[in-house]
1. The conditions are (1) in a helix (DSSP H, G or I); (2) surrounded by fewer than 19 Cβ atoms within 10 Å (Cβ to Cβ), and residue 167 fails exactly one of them. Which is it?
2. Please specify each residue of region 62-84 satisfying the condition of being surrounded by fewer than 19 Cβ atoms within 10 Å (Cβ to Cβ) and closer than 15 Å to residue 117 by Cα.
3. When residues of region 196-238 are filtered for being touching a Leu at 6+ places or on another chain (Cβ under 9 Å), more than 22 Å from residue 178 (Cα to Cα) and in a helix (DSSP H, G or I), how many remain?
4. Mind counting the residues in region 235-260 that are closer than 23 Å to residue 135 by Cα and over 16 Å from the mean Cα position of the chain (by Cα)?
5. If you take the residues in region 85-104 that are closer than 22 Å to residue 157 by Cα and among the small types (Gly, Ala, Ser), which one is surrounded by the fewest Cβ atoms within 10 Å (Cβ to Cβ)?
6. From the residues in region 44-61 that are assigned to a strand (DSSP E or B) and touching a Leu at 6+ places or on another chain (Cβ under 9 Å), which one is surrounded by the fewest Cβ atoms within 10 Å (Cβ to Cβ)?
Amino acid sequence: MSRISSAKRSFVTRNVDLNDAHSLSSQLPEEGDLVLARVDRIRQHGRLESPEGRRVHLYKGDELILVAGNRYATDQYHATTPTTLGRCHLVAAGGIAADVVGKSAQVKPATEITLVGTLIDQAGTKLNLKNYKKLQPSYIHPNTASIPVLVVLGSDMNSGKTSMACSIIKGFNHVGVKAAGAKLTGTGAGPDYWKMLDSGAYRVRDFVDNGYPSTVGLSANSLIDLLRVIKSDATQNGADLLIVEVADGVLQPDNQKLLSDPRFLKEVSGAVVAADSAAAAVYCCERLIQQGIQVHGLGGLFTRSELAAEEVSLQLGLPVYRLDELQEKSTASYLMNLLSREQANGLRCAF
């Protein structure tokens, strides 16, 4: 217990009551299990995100409370849940322990750690995120009015999705709309969560609040259920609108399954796309249109170039927004009118 209480705790464990931890076990970790790990060699990640959002500096020999899980990040690591105790890697600053399968050339090798043991309660049961859900499956009945859902999808990782989502939230604040924010998919991490709160989101939830350290490999059914729970939570807590960010890009395997599922389209009311280049913006829109999905506007990194923004606008005939434009009252009113009308008409539009 003294080792557990003195260890540096990670962001993804934020919902867990560590008073439930009685001791350490040699039981093999499974996805979502809390583990105690020792830092062996600091490489890519030299700091750990705490539950409070602080970046805690790491040193060799530090002991950490992490969560075993997967990661799929084109700009960083492809990693899987550890199958044994012993040597593995810290693959996300939010606190994911995993075995690296591959990595992007633009990052260093992952920080090396040793899993010392899994955390168990007094009955010998492993502590797992799924036992500390903040979201409950109280779905809104189909005949009950629910709030509009605007989804933000990107061409790739780091294409500008979160910045767009937060600017949209800020714009809605300016017109008196209580916009909740959510991360539907991704790997447990603090920056996007805190940025949504800082932008003025009425409420913020993510997949960690439903017991997932990451959403890699989840079925379309599970992701749709998760969206329904988040949507229900926002509706029942008084939000006027929900902004949902989907991690990574349209080619990510889980996203492809989600986009092709007609049940997903029934849960959302509108959408915008973030892209890192003009060509990526056009491709994303054409890909989504093929699925019968409407796009209400585009933005992201490509808007840093006026010429690129003009190319996209001429090619697609859709609004292209810089971040400051998304924060304007006129844009927020325009989007809210579209979403409210589509929600009332029962249209199925996403991203």
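Nothing in this text is a laboratory measurement; each read-out follows from the coordinates by a stated rule. Because the structure is predicted, anything quoted here is derived from the model rather than measured. Every residue, glycine as well, gets a Cβ built from its backbone with ideal geometry; the counts of neighbours run over all protein chains shown.
1. Result: residue 167 passes all but (2).
2. Those that are surrounded by fewer than 19 Cβ atoms within 10 Å (Cβ to Cβ) and closer than 15 Å to residue 117 by Cα: 62, 63, 83, 84.
3. 5
4. Result for region 235-260: 7.
5. 102
6. Restricting to residues being assigned to a strand (DSSP E or B) and touching a Leu at 6+ places or on another chain (Cβ under 9 Å), the top hit is 57.
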